[in-house]
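The values are calculated or read from the model by the stated rules, or taken from the named source; none is laboratory data. Every value quoted in this text rests on a predicted model; they were computed, and no experiment measured them. Glycine also receives a Cβ, built like all others from the backbone with ideal geometry; neighbour counts cover every protein chain displayed. Ligands, DNA and RNA are excluded from the accessible area calculation, which covers all protein heavy atoms including side chains. Shrake-Rupley method; radii C 1.70, N 1.55, O 1.52, S 1.80 Å.
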Amino acid sequence: MIVKEIKTDTVYELSPHNHAYINPYIGCSMGCPFCYWLKQEDWEGKIKVKTNLEELLENKLKDWPKDEFLYLGSVCDPFNELEEKYHLSEKCLKVIAKYDIPVLITTSAATDVVLEYSDLLKSIKKLIVVIELSRIPFVECLNQGGIHRGIQCANILQERGIKVWTTLAPVLPGITDLDQILKLLQEEITVYIDKLDCNTEDILGKRTLKWIYEEYPEFSDEYDKIIKEHDFSYFSEIEKKYAENKRVKKFPFQLTD
Ligand code: SF4
């Protein structure tokens, strides 16, 4: 993984839903074959570090509407392995805390940094930490009978009084077991689910199929159906099964909960 320090003039990007996303870093080392950001040019294989972001954020947040959520993380994990060196997310969160801005943080919990920042997180007036659970090392750990860092971090943060949600995006049929995940997570923790949405024309579809053929050949037919034929009946079954379960939700995030 190549690390590159950069100066940015952009404090945040807007999502299609007009949500403002702050990314102290660009890039991720987790290597998920279904990662949406693989479509973005110049994204894979390097992490860019926005060394001047805190300074820009300070100016921008002075007049930020007090009840409008900011999002931290999307094209990066804000608590990645570089955070231990640069502390960029920590600096941004301190500015956010100072101006009482509500924030939703998305993390893969790749390191223990999120736990080390518990006191800072608790100082933010309105905060939700969203932990992504569909990551290859996590998936493999659960399938080998272990409990991975994502579930552990979610439960510890919740016990420390921090509001936690999780995502299982995508749900991987035959591979991820939502019942097991719900059982391992504290009862207050919501799981947002999404289907595996890619096709043979895009890099996500190609990588995911390659991964399935090599690691889970027994599910090749099922994934061929999803990725080549866009047959999402597996997800409709899951939606039906959990329709009455208040802990299982679909995107977009419901910030008023
Ligand atoms: S952890 Fe998230 S951002 Fe990183 S590769 Fe996986 S899906 Fe992409």
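On the stretch given as segment 107-117, residues that are open to solvent by 10 Å² or more (accessible area, probe 1.4 Å) and over 13 Å from the mean Cα position of the chain (by Cα) total 5. Screening GLU5 on (1) surrounded by fewer than 13 Cβ atoms within 10 Å (Cβ to Cβ); (2) at pLDDT 90 or above; (3) farther than 24 Å from LEU120 by Cβ shows it passes everything except condition (3). Check segment 182-193 and report whether any residue there is within 16 Å of the chain's Cα centre (by Cα) and part of a helix (DSSP H, G or I). Taking every residue of segment 182-193 in turn, none turns out to be within 16 Å of the chain's Cα centre (by Cα) and part of a helix (DSSP H, G or I). Would you call LEU57 part of a helix (DSSP H, G or I), within 11 Å of the ligand (Cβ to nearest atom) and at pLDDT 90 or above? Considered against the rule, which asks whether it is part of a helix (DSSP H, G or I), within 11 Å of the ligand (Cβ to nearest atom) and at pLDDT 90 or above, LEU57 comes out as no. Scanning segment 15-34 for residues that are open to solvent by less than 30 Å² (accessible area, probe 1.4 Å), without any contact (Cβ under 8 Å) to a residue 60 or more places away in the chain, within 16 Å of the ligand (Cβ to nearest atom) and not in a loop (DSSP other than H, G, I, E, B) yields a single hit, GLY27.
Residues are listed down the side, and each one gets a yes or a no for (1) surrounded by 14 or more Cβ atoms within 10 Å (Cβ to Cβ); (2) under 30 Å from ILE124 (Cα atoms):
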{"site": "ARG160", "(1), (2)": "no, yes"}
{"site": "VAL171", "(1), (2)": "yes, no"}
{"site": "THR176", "(1), (2)": "yes, no"}
{"site": "LYS183", "(1), (2)": "no, yes"}
{"site": "ILE189", "(1), (2)": "yes, yes"}
{"site": "THR208", "(1), (2)": "yes, no"}
{"site": "ILE212", "(1), (2)": "yes, no"}
{"site": "SER220", "(1), (2)": "no, no"}
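Comparison of VAL49, VAL11 shows that the only residue that is of a type in the set (A, V, I, L, M) and within 16 Å of the ligand (Cβ to nearest atom) is VAL49. Would you confirm, using the coordinates I've provided, whether TRP37 is within 16 Å of the ligand (Cβ to nearest atom), closer than 26 Å to LEU209 by Cα and part of a helix (DSSP H, G or I)? Judged against the criteria, TRP37 is a match. In segment 83-106, of all residues being open to solvent by 10 Å² or more (accessible area, probe 1.4 Å) and touching a strand residue (DSSP E or B) at 6+ places or on another chain (Cβ under 6 Å), the one that is farthest from the ligand (Cβ to nearest atom) corresponds to TYR86. When LEU172, LEU121, LEU133, LEU209 are screened for being within 19 Å of the chain's Cα centre (by Cα) and away from the ligand (no atom under 16 Å from the Cβ), only LEU121 passes.
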